[in-house]
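Step one of this worksheet: look at the structure below.
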Amino acid sequence: GGVVNLDPGVYAIVRTSILSFMSIAMFVLSFQMGRGELTRFKTGIFLIAAVFCMLMQLTTLYMIGAISSTAIALVGYAVGKRNIPWTGILLTMLVFGILQAGKYEIRERYSFHNPRPLALVEVPGLIADWMTTGVDHLLSDKDERIPENPIYQRVSLIHLLLFVQRASPKDVPFLEGETYWIIPGSLVPRILNPDKLSPHAGNRMLNTYYGMQSEGDTLKTTIGWGLVNEAYANFGTEGIIGVGFIMGL
């Protein structure tokens, strides 16, 4: 929110730590709320804090953080309640469906390529503008500025796995571990290595190598691949087995 100014290297460490603890807290408190272990006051405070965290994640103009946090909260609540919160799921789908429809125009409007930290007082205006824009897009004719790629190409890991299996190794050779060489350097904090690669470097390499995106497109948004798809793109079926074994350990 522009309240605290930190060195970029320090900021990356603090942000990652906070997001990790936030995810754990989101699940545990949602679980306790589902079991009825929180008082009304504590439930109110938790819901306010959870919504605030999700809104702040949306100020990056990326939706994945807020979607992940919401999913964690819904799963925690469902496990605690031992019942699926259909109302919460449908409301979540409605809200993020509207945000998805308006995100391309909002990114242009709020300088997605050269973002600035929003003051806390500006956040409600951004969200209101985003929701209004999304509703307008849903109610209007198709906007030519919105990419025509099917949405499943952006969100479905199964589709991506099938795509890679058809392409490799017959038409596109395996990467032979190239995306994994990025990992050691990415573990070094930016405060120690200011010139280290972006955490999305592996995804960008995969997307451009398989023709999913151009170099320019990768600077605007990232298509996530997941561990299984990345493993197959590097070593085929053996790669999936190897990654599964390592993650299992």
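The values are calculated or read from the model by the stated rules, or taken from the named source; none is laboratory data. Computed from a prediction, not measured in an experiment: that's the story for all the values here. Cβ sites come from the backbone with ideal geometry, for glycine too, and all protein chains shown count toward neighbours. Protein only, heavy atoms only, side chains kept; ligands, DNA and RNA dropped before computing areas. Shrake-Rupley method; radii C 1.70, N 1.55, O 1.52, S 1.80 Å.
Here are some notes:
- Among the conditions (1) closer than 27 Å to LEU6 by Cα; (2) in contact (Cβ under 8 Å) with a residue 24 or more places away in the chain; (3) open to solvent by 50 Å² or more (accessible area, probe 1.4 Å), MET205 misses just one, which is (1).
- Condition met for SER20 (in a helix (DSSP H, G or I) and in contact with a Leu (Cβ under 9 Å, 6 or more places away or on another chain)): no
- If you go through the range 208-231 and keep only what is open to solvent by 40 Å² or more (accessible area, probe 1.4 Å), free of Cβ contacts under 8 Å to residues at least 40 places away in the same chain and either among the acidic types (Asp, Glu) or part of a loop (DSSP other than H, G, I, E, B) (or both), you end up with GLY211, SER214, GLU215, ASP217.
- The residues in the range 177-214 that are among the charged types (D, E, K, R) and at pLDDT 80 or above can be counted, and the count is 2.
- Scanning the range 170-197 for residues that are assigned to a helix (DSSP H, G or I) and β-branched (Val, Ile, Thr) yields THR179, ILE182, ILE183.
- Qualifying residue in the range 45-61 (condition: more than 30 Å from ARG107 (Cα to Cα), out of contact with any His (no Cβ under 6 Å at 6 or more places or on another chain) and either of a type outside the set (Phe, Trp, Tyr) or open to solvent by 90 Å² or more (accessible area, probe 1.4 Å) (or both)): yes
- Restricting PHE41, PHE52, PHE21, PHE31 to residues that are in contact with a helix residue (DSSP H, G or I) (Cβ under 6 Å, 6 or more places away or on another chain) and modelled with pLDDT of 90 or more narrows the list to PHE31.
- Taken together, PHE27, PHE41, PHE21 contain a single residue that is open to solvent by 60 Å² or more (accessible area, probe 1.4 Å) and closer than 16 Å to THR92 by Cβ, which is PHE27.
- Within the range 120-176, the residues that satisfy the criterion of being surrounded by 10 or more Cβ atoms within 10 Å (Cβ to Cβ) and modelled with pLDDT under 65 are ASP143, ILE146, PRO147, ASN149, PRO150, TYR152, GLN153, ARG154, VAL155, SER156.
- For the range 87-119, a tally of residues being touching a residue at least 60 places away in the same chain (Cβ under 8 Å) and either open to solvent by less than 80 Å² (accessible area, probe 1.4 Å) or touching a helix residue (DSSP H, G or I) at 6+ places or on another chain (Cβ under 7 Å) (or both) returns 4.
To keep it simple, each residue is scored yes or no on (1) at negative phi; (2) among the basic types (Lys, Arg).
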{"position": "MET22", "(1), (2)": "yes, no"}
{"position": "MET26", "(1), (2)": "yes, no"}
{"position": "GLY36", "(1), (2)": "no, no"}
{"position": "ARG40", "(1), (2)": "yes, yes"}
{"position": "PHE46", "(1), (2)": "yes, no"}
{"position": "ALA50", "(1), (2)": "yes, no"}
{"position": "LEU58", "(1), (2)": "yes, no"}
